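Report on one structure; see the data block that follows.
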Amino acid sequence: MARSKRYAVAASGQWVDDEDGRRLPAGEVHAWEQGMNQTVCGLSLSRSQLGRFAHIAWSDVLPESGGAADRVQRVCPRCASVAGRRGTDARPGWHRTNPRP
């Protein structure tokens, strides 16, 4: 059985929440696997000057989630296609409606 991957977040900016003092992502966000030096879409973290947010799950930065997405301006579409994106703009899974006999 395949183990599902857990993706963290890398972002172009950051901000601090006044209520709980947590550091949260802002600007453009990318999916990132901990232990790797690049995002899922292939951007180098250091060369792209992306900040790592290991304490934030990928699903929390999607705008429809509400979680840590307050100041997220853009979600990388290539990362979203690999790490998963659920919401109104997500493509439905492939489904055959009229199978041949």
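Taking amide H as placed 1.01 Å from N in the peptide plane, Y7 has its amide H under 5 Å from the amide H of W58, each at least 5 places away in sequence or on another chain. Expressed as a whole percent, how much of the Cα-Cα distance distribution for the range 1-69 exceeds 16 Å? Of all Cα-Cα distances in the range 1-69, 46 percent exceed 16 Å.
Scanning residues 5 or more positions from R22 or on other chains, those with amide H under 5 Å from its amide H are D17, with H placed 1.01 Å from N in the peptide plane. Run the numbers on the chain and let me know its relative contact order in percent, using alpha-carbon pairs under 8 Å that are six or more apart. About 27 percent, as a whole number. Here's how it looks for E28: its modeled amide H is under 5 Å from those of S12, G13, Q73, R74, which are all 5 or more places away or on a different chain. What the phi angles of the range 70-76 give under the Karplus curve with 6.51, -1.76 and 1.60, with θ = phi - 60°, is a coupling list of 4, 10, 6, 9, 8, 9, 4 Hz, glycine and proline written as x. Taking the Cα centre of the range 5-85 as origin and assigning +1 to Lys and Arg Cβ atoms and -1 to Asp and Glu Cβ atoms, the resulting dipole is close to 460 debye.
Cβ-Cβ distance of D17 and S65, R₀ of 22 Å, FRET efficiency by 1/(1 + (r/R0)^6): the value works out to about 0.90.
Since every read-out is calculated from the coordinates, none of them should be taken as a lab result. Fair warning: this is a prediction, and the values are worked out from it, not measured in the lab. Cβ sites come from the backbone with ideal geometry, for glycine too, and all protein chains shown count toward neighbours.
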